[in-house]
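These notes are about the structure you will find just below.
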Amino acid sequence: MNRTRPGLGVAERRSALPVLTDGRVDHAAGAQRFTADEARTDWHDESLWMVRQKRDAAASKVPEWEELRRLASGIKEHTLSHLDEYLTQFEAAARRNGATVHWARDAAEHNAIVLDILRASHATRMVKSKSMLTEECGLNPFLAARGVEVVDTDLGERIVQLRGEAPSHIVMPAIHLKREDVGATFHEHLGTPAGESDPTRLTIAARHHLRERFLSAQATITGVNLAVAETGGFVVVTNEGNADLGMSLAPVHIASCGIEKLIPRAEHLGVFLRLLARSATGQPMSVYSSHVRAPRRGQALHIVLVDNGRSTQLGRADFWRSLKCIRCAACLNTCPVYRRSGGHSYGSTVAGPIGSVLTPGIDLRRYAALPFASTLCGSCTAVCPVQVDLDAQLLKWRAQVVQAGHASSPKRLAATVAGVALQSPRLYEALGVVYRMVMRLVPARLLRNSWGKGRQLPAPAAGSFRQWYRRNREGAA
Amino acid sequence: MSARDTILAAVRGARPAAVELPNVTDAVRSWPLPAGDIALRFLSAAQAAGARTLECSRAALAATVASAVPNEWLTVSLVPDVHGSVVPPDQPHAYASVDAFICEGTLGVAENGAIWLPASRLGCRAGAFLAQHMIIVLDRQAIAERLHEAYAQIDWASEEFGIFVAGPSKTADIEQAMVIGAHGPAALTIVLTTAVVT
């Protein structure tokens, strides 16, 4: 189902692909493509800011919000620091419950396991609810190439699947699209009237279209929001009810679960579910929070525990805390860079600040630009419900990118010059004089087309702070 | 080495220094509960989530549900004192033609309007998601203030599945415009009952 359709323009499809330069994601180029449509950029920015404001309103209604964040962070850090024990505890409990537990070292193993399960049960039609892990593993194209029809059932994911795009946001996959875009896509694929762009009518059309798929599915695959070591059960959260339709109808249920999704006990669920929806959309609770402990009668339940780089990230002293993430996307919604560059510019399954912290660990060279796709304002860290120190980790990745020689040459040059100049007060002062002179002499037009592109260029100051201080304070005192 | 053993060995080798598990129970106990009528808080949270709410005595339940359901509807009820128009199907797919699914929740949550439905109250589960409308009966006494208090009452060993439902199925995936009725029931009615006869 992932094939691209002839009706979609080449330019349109290309706008959803990452810009690659020499095999590396060029975030700045992707962002430039996105911001070429200024009105759409403003609209995207405002849509996400509205979600951020809803989050603020929801959080402010919970007096113990900050304590909840601290608890959630503590529970996750505890679990991660005993992860092997909790994984084996979860596995044993899940087996007792009647589930089959599989382990996958990487994406290829995950996909092979899913295919084996489907082949063993003669399933060629599968419905899928939102799972960033299966996106990360490239499951859809893998299965499509082997004759399995995979239908994404989250409305946003279905929209981008029909368009041959990747989700641009982990919670709102089609946030980059306008209603007219969705209308055109549905007209082409679902036969809605041309020009129909009413969200209600488009949603009803998708409801009918997907009901048929739910009713005829031979298997379903879901993600996992939280897995409980004590009970061997797991929680799947949706607003649409698509995960539940899949799970309650299909004879085979596969749950793909990253190993970092574990928490110790069922009593901890309250902490995370109180934070999750409020942080994600500003709702006090998502509509459906399903707790699966055992397969229903006549159903096979498979849980695939996936590493795919997570154990490596766990061993990185500076970055293991990123594994606390519960994928609420609050950091995306608040990020001034994400809001104005769009999810596709990141070229990774998870965009925004958390994506920029997770993906360099997978391929430092390919994602070297992402830690720089930030102003380091720290807004992400301030809203994170599990207190991931995102801005600090972004800064640390920058150092690693530069040390590994993956920084672009202007960045490398700037860092080298700054490294020398900042060690010598006299050199620093001398360079300041040169800088102010250059800024006065070089035509503004020249600067605007290079370094000054997209930046406000302030008039150079008359002198340095030190000169000012000597004149106004030292002498005066 | 098997994938399982490789992963566990890698995790063991990568473990950060041990972090102590915070005491959630004590923390939760120290947070003051809001004052006032818990049922009112529950009802307003449920309405905010898009549910329609009705209140009646348990004795008047059948009549109250009947008033909310047009005669021509195909209804399935798993609530003993409410009759549906058809016998509950034992095949999940059969629920596709059902207009209204009527069941009973065991717990309500005042802070978010959610209701806990364990598998034992859901028959073959699919009714709660395939039927066009959902009607949930809940006893006024069975409302917990927050999720923590609700979870403390759930017996995990006896249920293979359970779900918190907060409002009807909805989506905002097209331009952030809220649409009620995504894949699951397009309407949710909550009937809050009082045990005492009024």
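The values are calculated or read from the model by the stated rules, or taken from the named source; none is laboratory data. Everything numeric here is computed off the predicted structure, so don't read it as measured data. Every residue, glycine as well, gets a Cβ built from its backbone with ideal geometry; the counts of neighbours run over all protein chains shown. Just so you know, the surface numbers come from the protein's heavy atoms only, side chains and all, with ligands and any DNA or RNA stripped out. Shrake-Rupley method; radii C 1.70, N 1.55, O 1.52, S 1.80 Å.
Within 10 Å of the Cβ of each residue in A:312-321, the mean number of Cβ atoms contributed by other protein chains is 2. Ligands, DNA and RNA left out, the 1.4 Å accessible surface of the protein assembly as shown is 55% carbon and sulfur atoms. Normalised by the number of residues in chain A, the mean separation of alpha-carbon contacts (under 8 Å, six or more apart) gives a relative contact order of 21 percent. Mind pulling the per residue volume of the convex hull built on the Cα atoms of segment A:372-477? Å³ is fine. Convex hull volume per residue, Cα atoms: 171 Å³. Using only Cα coordinates, the Kirkwood hydrodynamic radius of segment B:105-181 works out to 13.7 Å. Reported to the nearest whole Å, the Cα centre-to-centre distance from segment A:308-354 to segment A:384-456 is 24. For the listed peptides A:224-232, A:202-210, a ranking on the average number of other beta carbons within 10 Å per residue, highest first, reads A:224-232, A:202-210. Across segment A:213-355, C-alpha contacts under 8 Å between residues 6 or more apart give a mean separation that, scaled by the residue count, equals a relative contact order of 24 percent. Contact order for chain B, expressed relative to its length and based on alpha carbon pairs under 8 Å spaced 6+ residues apart, stands at 25 percent. Annotation: extensible slack from residue A:37 through residue A:208 equals 58.2 nm (criterion: 0.36 nm per residue apart, minus Cα-Cα distance). Can you check what the net charge comes to around residue A:42, using other residues whose Cβ is under 12 Å from the Cβ of residue A:42 (Lys, Arg +1; Asp, Glu -1)? Spelling it out: positives minus negatives among the neighbours equals -1.
The stretch between residue A:429 and residue A:56, if pulled fully straight at 0.36 nm per residue, gains 129.9 nm over its current Cα-Cα span. Could you do me a favour and compute the accessible area per residue for segment B:99-147, 1.4 Å probe, result in Å²? For segment B:99-147, the per-residue accessible area is 20 Å². Cα centroids of segment B:102-147 and segment B:31-93: 8 Å apart. Put simply, the Cα atoms of the protein assembly as shown extend 89, 62, 55 Å along their principal axes, the longest span coming first.
Within the straight-line cut-off of under 26 Å between alpha carbons, the lysines reachable from residue A:54 are A:76, A:130, A:178, A:261, A:324, B:170, sequence neighbours fewer than 8 places apart in one chain being disregarded. Considering only Cα atoms, the convex hull volume of chain B works out to 205 Å³ per residue.
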